[in-house]
Amino acid sequence: MSFNNPPLFSSEERQRLREIAHDSIRHGLERGEPLPIELDSYPPLIQRIGANFVTLTWENQLRGCVGTLDAYRPLVLDVAENAYASAFRDPRFPSLTADEFERLTITVSILTPPLLMTFENEQDLIFQLRPGVDGLVLEEGMLRGTFLPAVWEILPDPRLFLKELKRKIGLPPEHWSNSLRVLRYTVEKI
């Protein structure tokens, strides 16, 4: 059974979003800031409010990943800002260099709106997870974090996926409470 939805964006819109991410990083290398965006020069669908993550890999290793979970600005602007931030503001990595840029792989993941999941207990939650499909947002009090669906490639077991997401946001892997909130989303990779 497939959970993947048909692509929301046309091949032209997908190409434009890839170009924006690429050009924003190049602009960052040259000018130290994200690519300026003139909304009217882009197709209407990518001008709509949207959320995305931009993931950078270099020689098959993560090199940066920054994004937004909550849609609050035009998608085209979100892609430009997140591409720049992935290259130059991800605190896990030094700023990208011009030499790295030439062999960089850029992936844009457009998020669907997150939906709050309902479950009886941790086992019920784990049973509902769709490996390879679901991105998860985990919230406990002020703690909040996400794993994109691509993380299933590294953590294919739903139980381990959830434990590592807990650890990522600062919770013990065995933590469970009735105040834990979990939201599910999918992505269109571009």
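The values are calculated or read from the model by the stated rules, or taken from the named source; none is laboratory data. Treat the numbers as computed from the prediction; the structure is a model and nothing was measured. Methodologically, a virtual Cβ is constructed for each residue, glycine included, from the backbone with ideal geometry; neighbour enumeration extends over all protein chains shown.
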Item to check | Residue, nearest to GLU139 (Cα to Cα), within the range 155-175, restricted to residues that are assigned to a helix (DSSP H, G or I) and in contact with a strand residue (DSSP E or B) (Cβ under 6 Å, 6 or more places away or on another chain) | outcome: ILE169
Next on the checklist: Quick test of your reading of the structure: TYR185 fulfils all but one of (1) within 17 Å of THR55 (Cβ to Cβ); (2) exposed (fewer than 13 other Cβ atoms within 10 Å of the Cβ); (3) in contact (Cβ under 8 Å) with a residue 40 or more places away in the chain; (4) not β-branched (Val, Ile, Thr). Name the failing condition by number.
Outcome noted: (2)
Checklist outcome for this item: With criteria (1) surrounded by fewer than 18 Cβ atoms within 10 Å (Cβ to Cβ); (2) more than 21 Å from ILE46 (Cβ to Cβ), PHE88 comes up short on (1)
Checklist entry - For SER95, which of the numbered conditions (1) under 23 Å from LEU77 (Cα atoms); (2) of a type in the set (S, T, N, Q); (3) not assigned by TED's automatic domain parsing to the domain that holds GLY32 fails to hold? => result (3)
Checklist entry - Of all residues in the range 103-144, which are surrounded by 13 or more Cβ atoms within 10 Å (Cβ to Cβ) and under 16 Å from GLY64 (Cα atoms)? => result LEU104, ILE106, THR107, VAL108, SER109
Item to check | From PRO149, PRO113, PRO131, residue being out of contact with any helix residue (DSSP H, G or I) (no Cβ under 7 Å at 6 or more places or on another chain) and at pLDDT 95 or above | outcome: PRO149
Next on the checklist: Go through (1) surrounded by 13 or more Cβ atoms within 10 Å (Cβ to Cβ); (2) without any contact (Cβ under 8 Å) to a residue 24 or more places away in the chain for GLU174 and report which single condition fails.
Outcome noted: (1)
Checklist outcome for this item: The residue that is surrounded by the fewest Cβ atoms within 10 Å (Cβ to Cβ), considering only those in the range 6-42 that are of a type outside the set (A, V, I, L, M, F, W, C) and farther than 27 Å from ALA98 by Cβ, is PRO6
Checklist outcome for this item: Scanning the range 78-127 for residues that are part of a loop (DSSP other than H, G, I, E, B) and among the polar types (S, T, N, Q) gives SER95, THR97, THR112, THR118, ASN121
Checklist outcome for this item: Those residues of the range 143-179 which are aliphatic (A, V, I, L, M) and within 30 Å of LEU75 (Cβ to Cβ) amount to LEU143, LEU148, ALA150, VAL151, ILE154, LEU155, LEU162, LEU165, ILE169
